[in-house]
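**Student:** Below you will find the structure I want to go over with you.
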Amino acid sequence: MIPVCEPYLDGKESQFVSECLRTGWVSSSGPFIEQFEQRWAAYCGRAHGVAVCNGTAALWCAVASLDLDPGDEVILPSFTIISCAQAVLACGGIPVLVDSDPDTWTMDVAAVAPKLSARTRAIMPVHIYGHPVNLDPILSLATERGLAVIEDAAEAHGAEYKTASSVGALVWRRCGGFGDMSCFSFYANKPVTTGEGGMVVTDDPVVAARLRSLRNLCFGDERRFLHESLGFNFRLTNLQAALGVAQIERIEEIVERKRAIGRAYAKRLRDVSGLQAQSEADWARSVFWMNGIVLSDDVDMDAALLARLLRQKGVDTRPFFIGMHEQPALRERGLFENDACPVATRLARRGLYLPSGAGLTMDEVSEVCDAVQEILS
């Protein structure tokens, strides 16, 4: 069975983890945590990094740092993982949804402005499957309206966006370097992994200090067990950070392998009738975290059946996200009752992603593409 994704651990991961075991720094203190935070923040062009236990925790801390009032709104795409909406709800806010662009599958930026209200506090663009959101219109709107921007770059390690510079020229910048804060996941299937893990990066030292307090139960500065605010136990361990430091040392190699796999899929599947791949916009350099396909409406099967047929041929897959507007746990709370997101709905029914790990070989890519073509021919 060709797996969807396996961690690509081919560097100094064992050496660095062994150092943690040898020195006893195995908990949430230790030199690798600081190295991991500094190196990842620098890679993203940020001043500060705050490591946490997973990507969901990163989103929670980022939203919590906004100090929302009950009923404040955060605009985000329907087509994303539930962590995004859950973070807003956990902090007393209300998630407000927009649909997706049918080509890039990222949030429809033109749909954001009509959703603004007097209660809007922030916008949360989410880079989907390694492809950036068209950020400039969002950043411009946020500046105009005085809104925060929390960039969810969990799936976009090393992806780049062509943005307007301060002098008007277009320049490429890495995802994770936009808005007030950017959130990452380092789950086992991400290009850079710590097994579980996450981080918030920012340029604001005051925000960074607030994030560090929030991840560590808001312990008092002068007396540790005196708490003037409520925080979380979202700490990352030095063991996990050791993995992350080893991975960052190889980030350029990992990103290039991911892009090579993406290019190979695009070339092999370009002429296969009955499916659509994620389009790479001219302002985007995707990292192809996952290589997704969407079945055309005239194909007489849905993604679930295609997944079963591919599994019979030794190819593992995963389904796409189900939009927030269709999540029972959110609908039961009275959310999104009148929301229609037809693009997100279609993606959920007719989309899946193919094996995409950085260690995937070109022979395996060919085997996957052969299987897809045989089923759809």
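**Student:** Determine which residues of the range 12-34 fall in the zone a paramagnetic label at Glu249 would reach in this model, i.e. backbone nitrogen under 17 Å from the point 7 Å along Cα→Cβ.
**Tutor:** 12-23, 31-34
**Student:** Extension gain Phe225-Leu309, at 0.36 nm per residue separation less the Cα-Cα distance, in nm? Can you show the working numbers first?
**Tutor:** Numbers: separation 84, 0.36 × 84 = 30.24 nm, distance 5.64 nm.
Fully extending the segment from Phe225 to Leu309 adds 24.6 nm.
**Student:** Also: Antiparallel DSSP bridges in the chain: what percent, to the nearest 5?
**Tutor:** 65
**Student:** Over the chain, what relative contact order in percent results from Cα pairs under 8 Å that are six or more residues apart?
**Tutor:** Across the chain, relative contact order equals 23 percent.
**Student:** Could you size up the charge dipole of the range 1-159 around its Cα centre, putting +1 on the beta carbon of Lys and Arg and -1 on that of Asp and Glu, and report it in debye to the nearest 20?
**Tutor:** Value, rounded to 20: 320 debye.
**Student:** Would you work out the charge dipole size for the range 137-216 about its Cα centre, treating the Cβ of every Lys and Arg as +1 and the Cβ of every Asp and Glu as -1, and quote it to the nearest 20 debye?
**Tutor:** On the way: 8 positive and 9 negative charges, 23 e Å.
Here the range 137-216 has a charge dipole of around 120 debye.
**Student:** Using a 7 Å offset from Cα along Cα-Cβ at Asp316, what residues in the range 1-16 end up with backbone N under 14 Å from the label point?
**Tutor:** Counting backbone N atoms under 14 Å from the label point, the list is 1-8.
**Student:** If a/c stays under 1.5 just call it rounded; otherwise compare a/b with b/c (prolate if a/b is bigger, oblate if not). Do that for the range 1-136, with a ≥ b ≥ c from the square roots of the Cα gyration tensor eigenvalues.
**Tutor:** Prolate.
**Student:** Please find the FRET efficiency linking Ser296 to Asn216, where r is the Cβ-Cβ separation and R0 is fixed at 41 Å, and quote it to the nearest 0.05.
**Tutor:** 0.25
**Student:** If the label point is 7 Å along Cα→Cβ of Gln373, which residues in the range 348-367 have backbone nitrogen under 18 Å from it?
**Tutor:** Only 354-355, 361-367 pass the distance filter.
**Student:** Hey, another quick one. Taking R0 as 41 Å, what FRET efficiency do you get between Arg173 and Ala90 from their Cβ-Cβ distance, rounded to the nearest 0.05?
**Tutor:** E(calc), rounded to 0.05, equals 0.85.
**Student:** In terms of the Cα gyration tensor, with a ≥ b ≥ c the square roots of its eigenvalues, is the range 225-288 rounded because a/c is under 1.5, prolate because a/b exceeds b/c, or oblate? Each step should come with its number before you reach the end.
**Tutor:** Working: a/c = 3.77, a/b = 2.19, b/c = 1.72.
Prolate, because a/c is 1.5 or more and a/b exceeds b/c.
**Student:** Here is a further query. Compute the length gained on full extension between Ala329 and Ala111: take 0.36 nm times their separation in residues and subtract their Cα-Cα distance, giving the result in nm to one decimal.
**Tutor:** 76.0 nm is the gain from fully extending Ala329 to Ala111.
**Student:** Within the chain, count lysine pairs with alpha carbon atoms under 26 angstrom apart where the residues are 8 or more positions apart or belong to different chains.
**Tutor:** 12
**Student:** Separate question: Please compute, over every Cα-Cα pair in the chain, the percentage with a separation greater than 36 angstrom.
**Tutor:** Summing the P(r) of the chain above 36 Å gives 22 percent of all pairs.
**Student:** About the Cα centre, and with charges only on the beta carbon of Lys, Arg (+1) and Asp, Glu (-1), how big is the dipole of the chain? Nearest 20 debye, please.
**Tutor:** 520
**Student:** Return the single residue from Lys313, Lys162, Lys267 with maximal mean-square fluctuation; model: Gaussian network over the chain, springs between Cα atoms under 10 Å.
**Tutor:** Lys267
**Student:** If each of Asp69 and Ser366 carries a label point 7 Å out from its Cα toward its Cβ, how far apart are those two points in nm?
**Tutor:** With each label placed 7 Å out from Cα toward Cβ, I get 6.4 nm.
**Student:** To continue, here is another question. Could you please state, rounded to a whole Å, how far the C-alpha centre of the range 182-251 is from the C-alpha centre of the range 14-63?
**Tutor:** 6
**Student:** Could I ask something else about it? Can you tell me the FRET efficiency between Ser273 and Ser29 if r is taken as the Cβ-Cβ distance and R0 is 45 Å, rounded to the nearest 0.05?
**Tutor:** E(calc), rounded to 0.05, equals 0.20.
**Student:** Quick one: accessible area per residue over the chain, 1.4 Å probe, rounded to a whole number of Å²? Numbers along the way, then the final one.
**Tutor:** Details: 16290 Å² over 377 residues.
Accessible area per residue, the chain: 43 Å².
**Student:** Shifting gears a bit: Roll a 1.4 angstrom probe over the protein heavy atoms and tell me the percent of accessible area of the chain that is carbon or sulfur.
**Tutor:** Exposed carbon and sulfur together represent 49 percent of the surface.
**Student:** Okay, helix-only estimate at 222 nm for the chain: each DSSP H run of n ≥ 4 adds -39500 (n - 2.57), divide by all residues, round to 500 deg cm²/dmol; what do you get?
**Tutor:** Here the helix-only value at 222 nm equals -10500 deg cm²/dmol.
**Student:** Please turn the phi angles of the range 192-209 into ³J(HN,Hα) values with the Karplus equation 6.51 cos²θ - 1.76 cosθ + 1.60 (θ = phi - 60°), one per residue in order, whole Hz, x for glycine and proline.
**Tutor:** 9, 10, 10, x, 10, x, x, 7, 10, 10, 7, 9, 9, x, 5, 4, 4, 5
The values are calculated or read from the model by the stated rules, or taken from the named source; none is laboratory data. Keep in mind the model is a prediction, meaning the values are calculated, not measured. Reconstructed Cβ throughout: ideal geometry from the backbone, glycine too, with neighbour counts over all protein chains shown. Keep in mind that these areas ignore ligands, DNA and RNA; they rest on the heavy atoms of the full protein, side chains included. Shrake-Rupley method; radii C 1.70, N 1.55, O 1.52, S 1.80 Å.
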